[in-house]
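S.K.: Structure below; questions to follow.
The values are calculated or read from the model by the stated rules, or taken from the named source; none is laboratory data. Fair warning: this is a prediction, and the values are worked out from it, not measured in the lab. Every residue, glycine among them, receives a Cβ derived from its backbone with ideal geometry; neighbour counts consider all protein chains shown.
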Amino acid sequence: MQYMCEFGQKIGYKEEMVSVELFRPEYYELEIEDAIKIAKEKTLAVVEKYFC
């Protein structure tokens, strides 16, 4: 994800949206709300470094 953020920043990506796809098998065992919360926290931790 860090590579994609660096690339997006390099090409001038300015949108206020990202898409998260969950392919981690351990997420499938979680309640949906917990999986969403974890995905959001981990995504923001990376994306905010580049776009906020």
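Yes/no matrix, rows are residues, columns are (1) at pLDDT below 85; (2) in contact with a Phe, Trp or Tyr (Cβ under 9 Å, 6 or more places away or on another chain):
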{"position": "E6", "(1), (2)": "yes, yes"}
{"position": "Y13", "(1), (2)": "yes, yes"}
{"position": "P25", "(1), (2)": "no, no"}
{"position": "Y28", "(1), (2)": "no, no"}
{"position": "I36", "(1), (2)": "no, no"}
{"position": "L44", "(1), (2)": "no, no"}
{"position": "K49", "(1), (2)": "yes, no"}
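S.K.: Could you tell me how many of the residues in region 1-37 are of a type in the set (V, I, T) and more than 18 Å from E48 (Cβ to Cβ)?
M.R.: Selection size over region 1-37: 2.
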